[in-house]
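Have a look at the structure below, then the notes.
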Amino acid sequence: MHRVPHHFPVCRWPAHSGLPLRGLLLLLAATTSAGVSAEDDISALSLEQLLEVKVTGAAKYEQPVSQAAAAVSVITRSEIKAFGWRTLGDALASLPGVYTTYDRQYSYLGTRGMGAPGDLTARVLVAVNGNRLNDPVYDGGTVGRELPLDIDLIERIEFIPGPGGAVYGQNAMFGVVNVITRSGMEMNGAELSAAYQDPQDAVEGRAAWGKRLTNGLDILVSASGLKASGEDLFFDYGASGVSGKAAGLDGESDQQYFARLARGAWSADFMIGKRHKDDPTASFFADPLASGNFGGDEYTVGQLQYSDRYAADTLEVTARLFGGRYRYTGTLLFGTPVSYPAFGDWLGSEWRAVSSAITHHRLMLGVEGQENLRADQAARDRARPLNNFTIAGSSYRVGVYAQDEWQLSPQFAATLGLRVDHNSRSGTALSPRAALIWQPQQRTALKVLAGRAHRAPNAYERDYDDPTSQLPNPGLKDEHIDTLELVVDHHLDPGLSLRASLYQWLMFDIISLSTDPASGFAQYVSGHTIKANGLELSADKQWAYGTRLRGSVSLQDAHYTDGPDVLNSPKLMFKLNLSTPLPWAGLRAGYELQTDSSRLSLDGSRLGGYAISNLHLSSDALAHGLEVSFTVRNLANRHFAHPGSESNWQNALQQDGRSFRVQAEFRF
């Protein structure tokens, strides 16, 4: 993930533009909304089992969804397969209040009205098996092809919206995404898959093997790859006066490697991801329609974890060591090639204990520290070496956190938590949270949630110093967000779940790009406050014969307190997901509809809203161990665009039209 400034204009506050809510669409959406997912074969679960589905991402220990201090949603492997999703962002975009933006380089996640173009998802924490992936240079949360994990290795995705800073600290402002991987025992053999997608001319392949050995050792290893030509789309390069079809400039190649070992109380996982993505948009005002603009990302991330129970099963102790390596290797053309490498290396550890020894209490105490050994940025101009520079950086952060989950009575429970974080660059920050949960009956839970989270300025925002275009700002403040939320979950029967979430958040000291009045150069500054109000309504209906229907409507209004609406923030979203078995050849169908209202772009105009539908068909009845699938994305071939960022020539970036994908997977 990279954001190199090179003679780009500075973002201006857009003129305010309101959006009237379309009553008819709202009425339709309110009748079919999407809620909490559970686990495989969920339609067979009883009401009591639905309420007791366990998640780990909300509190860093296992707890039922009904007791979690958040409106937790879970996406399972069976859902990923039912709809043919190929990225983490695809899956998350099916949830209430979540949307994605794609700039032909990266996919960014927007949540509850906040998804500034090109923000690198720095305000959402993304973790795999509890191990954070946000890098120390840009703080980017990976949700697209750059994720160093093949989506076919995911067992479930836990999404915890709202501030998670009381447990996770840095980055967990608008939510936490915790990806749980499959185990060797679950895979129990080998898997080979191959796929082709047109018109992107994309070829994919994966080979994986997993097993639980007789000595108790659980092993899973996997290697994946993708090679694609991409789409040849038309782009207007604005002030350059150039426009035309970017033929052969959207290519991509990815490699992903994963290994997991577990035995008893010990587990270890290791990921490597390498991605090269050509840039047809010529970002950062590089040469338009030129071959050679690209971005490259490499992740190496691993952890070793010990977790066991003591004291008659009343004490759970967890310790983990983790580390990672991130490299950006992109190049832009400004007459001649200029490379902008970035280097991030980190090591850390976390220790926590969870005790239930005191009646009606579950107490957690933990400490986490991370040493960012390297957060370096550089420029390499092969034609003009005098322009070369390197910005060396390093830092550390340490956090201490505590939480008490207190069962006040059979109907009432409270959660109180606090984390204190110290960052060597920006000082100390407090992240408290409180929740009161009322279950007047087995089928209903009402949660009142309040919390605060923060994000320290990343190395790019704080330290990047380009002598020709951008100044550093070592005085940047932390961003903070305060959130208040009311959640109601109600189960009408074992097959129908309803949810309503009403929230308000206030975000202070937004870090944004501005202009230094003395030099005229770009510079990141702290300031401005954003306020948002939102309502999410969702429903999940399942039938005994295997059909499932879930849908949601989300209303959100995010604006700066001095007037303007927030960029790239749809006010209305409607989503529908239907999966069902078909009576022919063991087929199963997954149909998905997503409707977003208009989004405000940088020039103050609104990009039109759109409705996109996808269809996925699969069958495992043709031969033993063989599963084949066929996917059509953007079924109606709708033309739509996402807002560009301050680093793009374009105010709007055209998205892909209709595409076809076929896959065969063989298990033995």
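The values are calculated or read from the model by the stated rules, or taken from the named source; none is laboratory data. Everything numeric in this text was worked out from a predicted model, so none of it was measured. Note: ideal-geometry Cβ built from the backbone for every residue, glycine included; neighbour counts use all protein chains shown. Protein only, heavy atoms only, side chains kept; ligands, DNA and RNA dropped before computing areas. Shrake-Rupley method; radii C 1.70, N 1.55, O 1.52, S 1.80 Å.
The table that follows gives values for the structure above.
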read-out	value
483, 314, reordered so the largest accessible area comes first (probe 1.4 Å)	314, 483
When each of 227/274; 54/447; 541/575; 81/277; 60/477 is checked by Cα-Cα distance, pairs over 19 Å	81/277; 60/477
Rg/Rh for region 420-486, where both radii come from Cα atoms and Rh is the Kirkwood radius	1.27
With DNA, RNA and ligands ignored, accessible area of residue 274 (1.4 Å probe; Å², nearest 10)	90 Å²
Computed accessible area, residue 186, all protein chains, 1.4 angstrom probe, square angstrom	70 Å²
Average accessible surface area per residue within region 211-280, 1.4 Å rolling probe, Å²	47 Å²
Kirkwood hydrodynamic radius of region 49-105, Cα pairs, Å	13.1 Å
Sequence of 209, 85, 266, 543 when ordered by accessible area, the most exposed leading, probe 1.4 angstrom	266, 209, 543, 85
Semi-axes of the equivalent ellipsoid for the chain, Cα gyration tensor, largest first, Å	36, 30, 27
Ratio of the Cα radius of gyration of region 518-668 to 2.2 N^0.38 Å, where N counts its residues	1.43
Enclosed volume per residue, in Å³, of the convex hull spanned by Cα atoms of region 597-668	114 Å³
Ellipsoid equivalent to region 103-173 - semi-axes via the Cα gyration tensor, in Å	17, 17, 12
Rounded accessible area per residue of region 86-205, 1.4 Å, Å²	17 Å²
Along each principal axis, Cα extent of region 482-595, largest first, Å	71, 33, 17
Carbon and sulfur %, accessible surface of the chain computed with the full protein complex present, 1.4 Å	60 percent
Sorted peptide list for 649-655, 55-61, criterion being average Cβ within 10 angstrom, highest first	55-61, 649-655
Probe 1.4 Å, protein heavy atoms only - accessible area per residue of region 396-540 in square angstrom	40 Å²
Counting all C-alpha pairs of region 182-340, share separated by more than 25 Å (%)	52 percent
Accessible surface, 1.4 Å probe, highest first, among residues 92, 192, 496	192, 496, 92
Rounded to the nearest 10 Å², the accessible area of residue 318 at probe 1.4 Å	10 Å²
Packing rank of 130-142, 194-206, where each peptide gets the mean count of other beta carbons within 10 Å, highest leading	130-142, 194-206
Along principal axes, Cα extents of region 171-235, largest first, whole Å	58, 38, 12
